[in-house]
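Asks: Pasting in a structure now, in structure tokens, and then I'll have a few things to ask.
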Amino acid sequence: MEEHLQKLDAFFNPRSVAVIGATKKVDKAGHVIFKNFAMSKQRGVFKGELYPVNPGEESILGFKCYQSLSEIPCSVELIVIIVPAKIVPSIMEQAAAKKVKTAIIISSGFKEVGNVELEQQVLELAQKAGIRVLGPNCLGVYYQKTGIDTLFLPETKVLTTGEDVVATPRPLPGNIAMITQSGAFGVAALDYLTGRQMGVSKFVSFGNKMDVTESDILQYLLTDEETKVILVYIEDVKSGRDFLEVTKKVTAKKPIVIIKSGRSAAGARAAASHTGAIAGSDKIYDAAFIQGGVIRARDMEEFFDIGKALAMQPPAMGKNIGILTDAGGPGVMTVDELESLGLTVDRFSPETDRKFDELKKQDVILKIAATHNPVDLTGSVTDDMFVTAADIMFQDPNVNGIILLGLHHMPGLREKHIDGIVEVAKKYDKPIVMCDIGETEMALYTRSRFDRLCIPSFESPEDAARAMKALVTYGAYLKRIGAAEQYMADLNKASSCKIKQ
């Protein structure tokens, strides 16, 4: 690993951590963060040395507390700072003397509130000492594998009824990395991903990005074998040229999905007061994203839907989509959405038509079924019909991806088709996404089962179509830069879907 990446690795795999501002006061961020580490160490997940630093305490949670960073007798690789902003420069001076590698500054009160000079002072101290800094005004890092958890938001809260409920969940390991300029959005993302049973490889909140930027983290994640897809929330880009160079390298190997806020004048003003973000032309961002192979999401729902699709399925190497349904209306809705997105729903090849005609003659599927794309197996569909039809559609050379509208309401449809379609899909290097409409038990169960088995499920035809559009967009980009063949080869060598462990 290159030297600059080795320093960044200390954010995720430090051999020793000091929490500056650790406290016994349970309602303080310093207590939550130190407790996160203490619990991880107790469980044997965090294997490094742990040091609380607070001049007003002798011990915290059974750990000897040090009056200052300088008093710690051993070397420290990572420091987490949760003290008032005005004290941070003196902490950085101690860190420099102690040859600390990395620092996460959770504290706010810097550029985002107009204290530009204070932030610059901290940066100069860090740069002089060669310390890489996340923040300030951030949540830092969550990496479940090594027990790094600097989220100061408690995992559970107690309601007035006395009931203990999950408030800020920590997701299971997975293959989606989440990096964010906004800590609040990042925590909401962790909540959403956990609720949807989607795992996370690494989570990084960089706040004001005084030093470490999105480009640095993207470059680090390029070589991270645990990460397959990178989700990014940003309000501005610090260095456009660096960002473009890095995204080009990364997107040849793994997709990047970005949601960029601050598009409007009022939104840009809000971003400036939030993280000190500097507004730029949204058209310039759009052009840079396209050039760098980045997929831009329009809203939060699309952001996560696209991430899920890219994490679970291979990209589509063309824009013609096959639709398999048991409900005519949703099938038509899907066609309309695909067409509006610039994709096609062309008729099948003559050979595919012949295969479907033969199945009708053999009464394998109903003679009244429409089989020219969309394939509508009607309300009399059975599990076996769905599986057989999907296999034939995958074989068609003109079909680049399939949208399955498996509405569970039909009497002949149980759940056998789920495993059957999953097994069929494994034989082909083409993507499939599914939609089941409804919010009662069977709909939730069906979508959950498909997700666990790495076929992304969606609640509406439009959502499924937009997810497929992302798979087509990424496939077209890989073909354009000549990376499609290598990407697919690497994908086939990689382990199976890790969304749900």
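Asks: May I ask which of 41/101; 7/469; 228/283 have a Cα-Cα span longer than 32 Å here?
Replies: From the list (41/101; 7/469; 228/283), the Cα-Cα distance tops 32 Å for 7/469.
Asks: A further question follows. From the C-alpha gyration tensor of region 182-229, pull out the three semi-axes of the equivalent ellipsoid (sqrt of 5λ each), sorted largest to smallest, in whole Å.
Replies: That gives 20, 17, 5 Å for the three semi-axes.
Asks: Tell me whether region 48-100 comes out rounded, prolate or oblate; compute the Cα gyration tensor, take square roots of the eigenvalues as a ≥ b ≥ c, and use a/c under 1.5 as the rounded threshold.
Replies: Here region 48-100 falls in the oblate category.
Asks: Express in nm, to one decimal, how much length is gained between residue 71 and residue 197 on full extension, taking 0.36 nm for each residue of separation and deducting their alpha carbon distance.
Replies: 41.0 nm
Asks: Once you wrap a convex hull around the alpha carbon atoms of the chain, what is its projected area averaged over all directions, in nm²?
Replies: Average projection, Cα convex hull of the chain: 25.2 nm².
Asks: Here is a follow-up. Probe 1.4 Å, all protein chains in place: accessible area of residue 454 in Å², nearest 10?
Replies: Using a 1.4 Å probe on the heavy atoms, I get roughly 20 Å².
Asks: Give me the extension gain from residue 346 to residue 494: residue separation times 0.36 nm, minus the current Cα-Cα distance, reported in nm with one decimal.
Replies: Here the segment from residue 346 to residue 494 would lengthen by 50.1 nm.
Asks: Assign one of three labels to region 426-468, namely rounded, prolate or oblate, based on the Cα gyration tensor with a ≥ b ≥ c the square roots of its eigenvalues; rounded applies when a/c is under 1.5, prolate when it is not and a/b is larger than b/c, and oblate otherwise.
Replies: It comes out oblate by the Cα gyration axes.
Asks: Excluding ligands, DNA and RNA, what is the solvent-accessible area per residue of region 127-203 at a probe of 1.4 Å, expressed in Å²?
Replies: With the other protein chains kept in place, region 127-203 gives 38 Å² per residue.
Asks: Among DSSP beta bridges whose residues both lie in the chain, state the antiparallel percentage, nearest 5.
Replies: Approximately 20 percent, going by the DSSP bridge assignments.
Asks: May I ask you to list the lysines whose Cα is less than 16 Å away from that of residue 47, ignoring any residue fewer than eight positions away on the same chain?
Replies: Candidates past the 8-residue exclusion: 35, 145.
Asks: Here's something else I'd like to know. Give me the percent relative contact order of the chain, please, defined on Cα pairs under 8 angstrom at least 6 residues apart.
Replies: Reported as a whole number, the value is 11 percent.
Asks: If you take the square roots of the eigenvalues of the alpha-carbon gyration tensor of region 110-160 and sort them as a ≥ b ≥ c, do you get rounded (a/c under 1.5), prolate (a/b over b/c) or oblate?
Replies: In terms of gyration-tensor shape, oblate.
Asks: What fraction, in whole percent, of alpha-carbon pairs in region 8-51 exceed 15 Å separation?
Replies: The answer is 42 percent, as a whole percent.
Asks: Do me a favour and compute the ellipsoid semi-axes for region 413-501 from its Cα gyration tensor, root of five times each eigenvalue, largest one first, whole Å.
Replies: 26, 16, 10
Asks: With the crude spin-label approximation of a point 7 Å out along Cα→Cβ, what separation in nm comes out for residue 59 versus residue 161?
Replies: The answer from the label model is 3.9 nm.
Asks: Another question, then. Tell me, what is the Rg over Rh of region 1-83, with Rh the Kirkwood radius over Cα pairs?
Replies: 0.98
Asks: Let me ask something else. In nm, give the distance between the simple-model label positions of residue 86 and residue 300, each being 7 Å from the Cα along the Cα-to-Cβ direction.
Replies: With each label point 7 Å from Cα toward Cβ, the separation is 3.6 nm.
Asks: For the ranges 96-102, 291-297, what's the packing order if you count other beta-carbon atoms within 10 Å of each residue, average per peptide, and put the highest first?
Replies: 291-297, 96-102
Asks: Okay, moving on. Show me the ranking of peptides 56-69, 73-86 by mean Cβ neighbours inside 10 Å, starting with the highest.
Replies: Going by the mean number of other Cβ atoms within 10 Å, highest first, we get 73-86, 56-69.
Asks: Express the carbon and sulfur contribution to the solvent-accessible surface of the chain as a percent, rounded to the nearest whole number, probe 1.4 angstrom.
Replies: Answer for the chain is 53 percent, counting heavy atoms of protein chains only.
Asks: Based on the Cα atoms of region 322-376, what semi-axes does the equivalent ellipsoid have, where each is the square root of 5 times one gyration tensor eigenvalue, given in whole Å with the largest first?
Replies: After diagonalising the Cα gyration tensor, the semi-axes are 23, 13, 5 Å.
Asks: Would you compute, from DSSP H runs of 4+ residues alone, the mean residue ellipticity of the chain at 222 nm, taking -39500 (n - 2.57) per run and dividing by the full residue count, rounded to the nearest 500?
Replies: Calculated mean residue ellipticity at 222 nm is -12500 deg cm²/dmol.
The values are calculated or read from the model by the stated rules, or taken from the named source; none is laboratory data. Computed from a predicted model, the values in this text were never measured in an experiment. Backbone-built Cβ (ideal geometry, glycine too); neighbour counts: all protein chains shown. When the accessible area is computed, the model is the full protein with side chains, heavy atoms only, and any ligands, DNA or RNA have been set aside. Shrake-Rupley method; radii C 1.70, N 1.55, O 1.52, S 1.80 Å.
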